[in-house]
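Presented below is the structure to which this report refers.
The values are calculated or read from the model by the stated rules, or taken from the named source; none is laboratory data. Nothing here was measured: the structure is a model prediction, and the numbers come from that model. Heads up, the Cβs are rebuilt from the backbone with ideal geometry, glycines too, and the neighbour counts pull from every protein chain shown.
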Amino acid sequence: MAADDDDVVTYEVVGGTAVVTMNRPRYRNAQNSVMTYALDAAFQRAVSDDDVRVIVLAGNGDHFSAGHDIGTPDRDHHVSYENKAALWWDHVDKEGGDMRYAREVEVYLGMCRRWREIPKPTIAMVHGACIAGGLMLAWVCDLIVASEDAFFCDPVVRMGIPGVEYFAHPWILGSRFAKEMLFTGDKFGAQRAYEIGMVSRVVPKAELRDATLALAERIATMPRFGLALTKRAVNQCEDQMGLRNGMDAVFGLHHFAHAHNVEVGQDSLGGLDAKTMAAPRKRP
């Protein structure tokens, strides 16, 4: 069943598919911590339900997700939550890099890795903006179905930071396009994402939900355990191709960049916020 409008994540089951929907449309589904843990609870619910064969991740409103919450009134980076993804101490009473690392290893890198290992097939149903942290959520899904209006980008190099925490860019985009995407911070559309193999299918916006659910139901006819083993097989091959080790290495560079920003006299985000990130770029 669907949850109340006040819930930051809603949950419904359609046939054999659980539809998990981010529900902060006013803020373009920017991800605060309460949304992160609500997503985790919804995914756990779907995994535990034997009648659910496939999980679809969606966003309510005009956009899939504008990324991490770095400035809405409900930003809750200072709130303590029970760690589920990382065996690490709480971030709230820590300072500096200790605080930031403890939080990001849990709610960003840790949660995305946890969700990548969900044993049931997952499909991201993407429309509108899929930016930075939004990419992380789409990328942990096994398939992506995008509407024709969808667009993607990772602009955080503008902060002096080498990409988002779940650094899967070279494996998902290929090295050369990953560099172009990061070096420019430019958006690219659903058709380009399809051409490079990032997106599974592109459909008209009006057909997005029906097309995604139809694909989910087709997958749901396959043996459940066979799907789980197949997913693990592909994930293990990606890890053998360096995905996990590369991500660990870049996560260290990511935090070094945060520390550098603070050391040169700005905040950890290089003096930028959601508004300035969205503004037209100027040459430094």
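Tell me, please, whether a residue that is modelled with pLDDT of 95 or more, over 20 Å from Leu135 (Cβ atoms) and part of a loop (DSSP other than H, G, I, E, B) can be found in region 53-70. Within region 53-70 (the criterion being modelled with pLDDT of 95 or more, over 20 Å from Leu135 (Cβ atoms) and part of a loop (DSSP other than H, G, I, E, B)), the answer is yes, since at least one residue qualifies.
Scanning region 259-284 for residues that are among the hydroxyl-bearing types (Ser, Thr, Tyr) and modelled with pLDDT of 80 or more returns a single hit, Ser268. Note on region 100-158: residues that are part of a strand (DSSP E or B) and under 18 Å from Ala58 (Cβ atoms) total 15.
The residue pairs whose first member lies in region 228-254 and is within 28 Å of Ser48 (Cα to Cα), whose second member is of a type in the set (Gly, Ala, Ser) and at pLDDT 95 or above, and whose beta carbons are closer than 8 Å, counting only pairs six or more residues apart or on different chains, are Leu243/Ala168. Screening region 162-196 for residues that are assigned to a loop (DSSP other than H, G, I, E, B) and touching a Leu at 6+ places or on another chain (Cβ under 8 Å) and picking the one that is nearest to Met241 (Cα to Cα) gives Ala168.
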